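Before any comments, here is the structure.
Where a number appears in this text, it was derived from the coordinates with a stated rule and is not lab data. If you're wondering where the values come from, they're calculated on a predicted model, not measured in any experiment. Glycine gets a Cβ as well: all are built from the backbone with ideal geometry, and neighbour counts include every protein chain shown.
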Amino acid sequence: MHAMQLNQLRTPLVPVSRPDPEPGAGEVRVRVAACGVCRTDLHVVDGELPQPKLPIIPGHEIVGHIDAMGPGVEGFQPGMRVGIPWLGHTCGVCPYCRSGRENLCDSPQFTGYTRDGGYATHTVADARFVFPLPTTGDDVHAAPLLCAGLIGWRSLAIAGDGQNIGLYGFGAAAHIIAQVACWQGRNVYAFTSPGDGKKQAFARELGACWAGGSDQQPPIALDCAIIYAPVGPLVPAALASVRKGGRVVCAGIHMSDIPSFPYALLWEERQVVSVANLTREDGVTFFDIVPKVGIKTETVTYPLNEANTALSDLRNGRFEGAAVLVP
């Protein structure tokens, strides 16, 4: 197989050739058709997440087809179209797993972080954490759903059922969840980098009733807000935008430091909460609604060997929507 591999933190990925991996008990091998480039991949490459397995093949928004299965795999067949997400394995025995909160597992494994991911022609996954996908549909446009969509969906659920919802940072996750929220009949208020008229226009095209800079106040008090950009100062900004009893959800796996802010911003039962990872139930629920919503992902494709360019373009905000690598 061919892959783009991270050998040392804060250095470019390097192309490597390896023997095709063999699936062990309970695992499947997937021939990768497309792999999304997620901001979490940047956090891994840039050393902002602790103790990645090195060397590591990044990538956890994987769409492909099963081409080999290890012993004990049930419910799958060679040739099946599947998706592989960020959560790659849980222990099943810790208090969190036993209480239905496997996203908080004490001994988890994560695709593209502690086990090899999808910046490759092939990858191996724990079959229990693989999602069957419809046989039809475009692989490239499906790839961002495996993380941007799933984390977006979990953050939307945690935000609650408020009618007026703010989305801070209008990238891969927000452009998917804006469509879901509009389908649910909510009013979406999109916040971008100040002066980014292109992304604000993009948000309006996807149904946002208002779009402006993160330095602006929305025209009404919001019921809830989700922060997708990894920018700590957005927390007090979002708190200033939500009504009494409103909730601010921090959806990223990493964020710069949150600055101090007046207690008055938090008072009156406003809340700040975070989202961690996902559960398999999140995936089942989300992929059930995807065809009902008719989600359309905005993507920019790159050949696998241009993974470093894709990461750089993501870091510098050079595209709308999501980047996807195609082996």
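Cα centroid separation, the range 42-66 to the range 276-327: 14 Å. Computed as a quarter of the hull surface, the mean projected area of the alpha carbon convex hull for the range 149-274 stands at 6.7 nm². Averaging Cα coordinates gives a centre for the range 71-120 and one for the range 186-265; these two points are 31 Å apart. Pair-distance distribution P(r) for the range 66-218, from all Cα-Cα distances in 5 Å bins starting at 0: 2, 8, 15, 16, 16, 13, 13, 10, 5, 2, 1, 0 percent.
The relative contact order of the range 211-327 comes to 19 percent, based on Cα pairs under 8 Å that sit 6 or more residues apart.
What the Cα convex hull of the range 209-285 gives, in volume per residue, is 115 Å³.
On the principal axes of its alpha carbon atoms, the chain extends 57, 41, 38 Å, with the longest extent given first. Between residue 163 and residue 51, the modelled label-to-label distance comes to 4.8 nm, taking each label 7 Å out from Cα in the direction of the beta carbon. Annotation for residue 292 and residue 16: the two label points, set 7 Å from Cα along the Cα-Cβ direction, are 4.3 nm apart. A dipole drawn for the range 10-148 from +1 and -1 charges on Cβ atoms has a positive end, and of 118, 103, 93 the residue lying farthest that way is 93.
Computed 3J(HN,Hα) for the range 222-233, one whole-Hz value per residue from the Karplus formula 6.51 cos²θ - 1.76 cosθ + 1.60 where θ = phi - 60°, is 7, 7, 7, 8, 10, 9, 9, 6, x, 10, x, x, glycine and proline marked x.
Maximal additional length on extending the residue 280-residue 258 stretch stands at 4.9 nm, based on 0.36 nm per residue less the C-alpha distance.
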